[in-house]
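The structure under discussion appears below in the form of structure tokens.
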Amino acid sequence: MAHFVDRVVLHAAGGDGGHGCVSVHREKFKPLGGPDGADGGDGGDVVLVVDPQTTTLLDYHHRPHRSAESGGVGEGDLRHGRRGPALELPVPDGTVVKDREGNVLADLIGAGARCTVAGGGQGGLGNAALASKKRKAPGFALLGTPGERADVVLEVKTVADIALVGYPSSGKSSLIAAMSAARPKIADYPFTTLVPNLGVVEAGDVRFTVADVPGLIPGAAQGRGLGHEFLRHVERCAALVHVLDCASLEPDRDPLSDLDAVEAELAAYVPDSVDGLAADSGATVPLTERPRLVALNKTDLPDGEAMAGLVRDELVARGHRVFDISALDRGGLRQLGFAMADLVAEARQRRETAPAPAPVTVRPKAVDSKPFTITREEKSGEPLFRVRGAKPERWILQTDFGNDEAVGYLADRLERIGIEDELFRQGARPGDAVVIGGDDAVVFDWEPTMAGGAEHLGGPRGTDMRFEERSRPTREEKKADQQARRDARAATRAAMASEYSHSGSGARAEDDQVEIVYTEGDPDEGLEDAGEVHPEDWEDEADGSRGDRR
């Protein structure tokens, strides 16, 4: 048995973009023929498409998670990755797409109406696309970005011209069965109608649809009964028909009180606001302001006919057009049908003569507008600078942080759009934490001393010499190392001199016979290159000459 489901939560995921390829063309006599790594393919989108053959969201109730295919990876010889096909999901006519907060994202009316709920990721560029005059053979490629993930709420709102509203067991299902070919379930207990029913009615040359929704009771707009689940199906109707039970067996009910209760629930219900929808269907007009007819049902019964005579004048005094009908013997249905057709024709004429929507003016963005924002935060008492923006966040996802050349390329891109200058203006200092993105962001210590322009620096593919320079000793470190070596040599010579020294001239004569021999080379070799020669580091001989150096 098929079930009617008119509201589901869909978890959609777009396909991931394929990674770019790093490749160098090679052939005989051309070992380095230039980069030929191709781009990765874009991921597929998740698209909702109105299908006239689809009448329920039951399929998405059982399988709410839907994912599109990812793009293919790029290959060498300029073979681009395959683009992921779009995942088209059929939905009924009149489906409204909302986010988790209830904001309307799209209103799908008419066969073929489309809406993309989750976009596919962007494919990464291969090294062939990244080559330039100064970076002729890039040793890296860009990664594909992940597809969008979105949780959307799908609600079906019946697309009909006339809606039948009223208390449970007032005869709405019997009326639509008598006026059309629809065959809803009919029984003598309340809430027999569990789902909306649609019927097609012809009156003269006008053909229109009639919707029968479950009965309304006091408090329906706040969630009582079943009517609150289906009030949305009344939103798109151009006119309403109040079906009043004139032969109710409940002592505290009468047609006038039933009409007041239903009108109160319609006034309490607030339709969704959708930009540009009022000119097409009038769905944003409050339900109490739409054209209405009153049908006094069950007048074929003696009690029903008597009750209709009592309330008819009061209803006319309120400004309603009243019709005495009987769904059982079809009395008065012809007059009611033509009156409904007149309301539908007037509504259609208003839609045809409605003014065209104002043209949309596309204004270009200012040339000095920044594609990013930087905010200063505090974390554990230390400053933290958070960078947000579509471009820098996408570049982070495209970067292979295991490749130094790719990281240098990212640094060049960030510097080119002015992130480093903005960090200077906001008082950032070397070593401060910089975060690019939201919760799943990349955190790094800012080093503004690294010069931009990796394409000007030589080196093997996949490397960046700017990162290698950070491990080289500075001038101060070199001077400190040389001074430590000189101090160590002086201490060694002093120890050797004290070992061979003696008191008096005899000791001096023995010192004259001391000969210093270097077996592996002169320890002072290289000091002359540094421009620092200190003769006092050598022990003078008795005759004023320096020691032999062999």
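The values are calculated or read from the model by the stated rules, or taken from the named source; none is laboratory data. Just so you know, these numbers come straight off a predicted model, no measurement behind them. Here the Cβ positions follow ideal geometry from the backbone for every residue, glycine too, while neighbour counts run over all protein chains shown. Heads up: the accessible areas ignore ligands, DNA and RNA and are worked out on the full protein's heavy atoms, side chains in. Shrake-Rupley method; radii C 1.70, N 1.55, O 1.52, S 1.80 Å.
Among Val210, Val234, which is open to solvent by less than 20 Å² (accessible area, probe 1.4 Å), within 22 Å of Thr55 (Cα to Cα) and at pLDDT 85 or above?
Just a single option satisfies the conditions, and that option is Val210.
Check Gly33, Gly44 and return the single one that is over 30 Å from Gly102 (Cβ atoms) and either open to solvent by 60 Å² or more (accessible area, probe 1.4 Å) or in contact with an Asp or Glu (Cβ under 9 Å, 6 or more places away or on another chain) (or both).
Gly33
Which count do you get for residues in the stretch 47-66 that are open to solvent by 80 Å² or more (accessible area, probe 1.4 Å) and farther than 24 Å from Arg149 by Cβ?
3
Please go through the stretch 154-184 and give me each residue that is hydrophobic (A, V, I, L, M, F, W, C) and under 17 Å from Leu343 (Cβ atoms), ordered by number.
Of everything in the stretch 154-184, those that are hydrophobic (A, V, I, L, M, F, W, C) and under 17 Å from Leu343 (Cβ atoms) turn out to be Val159, Ala160, Ile162, Ala163, Leu164, Val165, Leu175, Ile176, Met179.
Residues that are in a strand (DSSP E or B), modelled with pLDDT under 85 and closer than 29 Å to Gly147 by Cβ: does the stretch 362-369 have at least one?
Checking the stretch 362-369: not a single residue is in a strand (DSSP E or B), modelled with pLDDT under 85 and closer than 29 Å to Gly147 by Cβ.
Any idea which of Glu27, Glu69, Glu75, Glu88 is open to solvent by 40 Å² or more (accessible area, probe 1.4 Å), charged (D, E, K, R) and within 30 Å of Asp161 (Cα to Cα)?
Glu88
Show the residue pairs meeting these rules: Cβ distance below 8 Å; 6+ apart or different chains; first residue within the stretch 327-339 and within 10 Å of Ala295 (Cβ to Cβ); second residue open to solvent by 80 Å² or more (accessible area, probe 1.4 Å).
Ala339/Arg321
Which of the residues that make up the stretch 278-323 are of a type in the set (A, V, I, L, M), buried (at least 19 other Cβ atoms within 10 Å of the Cβ) and modelled with pLDDT under 85?
Listed by number, the residues that qualify are Ala283, Leu287.
Name the single residue, out of those in the stretch 124-162 being small (Gly, Ala, Ser) and touching a Lys or Arg at 6+ places or on another chain (Cβ under 8 Å), that is modelled with the highest pLDDT.
Gly139
Please enumerate the residues belonging to the stretch 113-138 that are open to solvent by less than 10 Å² (accessible area, probe 1.4 Å) and over 30 Å from the mean Cα position of the chain (by Cα).
Pro138
What are the residue pairs meeting all of these: first residue in the stretch 391-416, first residue basic (Lys, Arg), second residue at pLDDT below 85, Cβ atoms under 6 Å, and 6 or more apart or on different chains?
Going by the 6 Å Cβ cut-off, the qualifying pairs are Lys391/Pro371.
Got at least one residue in the stretch 92-112 being within 20 Å of Leu397 (Cα to Cα) and crowded, with 24+ Cβ neighbours inside 10 Å?
Looking for residues that are within 20 Å of Leu397 (Cα to Cα) and crowded, with 24+ Cβ neighbours inside 10 Å, one finds none in the stretch 92-112, hence no.
Every residue in the stretch 307-336 that is aliphatic (A, V, I, L, M) and not in a helix (DSSP H, G or I), please.
Val322, Ile325, Ala327, Leu328
If you check every pair at least six apart or on different chains, which have Cβ atoms under 6 Å apart with a residue in the stretch 17-32 that is in contact (Cβ under 8 Å) with a residue 24 or more places away in the chain first and a residue that is in a strand (DSSP E or B) and open to solvent by 100 Å² or more (accessible area, probe 1.4 Å) second?
Here the result reads none, with nothing in the stretch 17-32 linked to a residue that is in a strand (DSSP E or B) and open to solvent by 100 Å² or more (accessible area, probe 1.4 Å).
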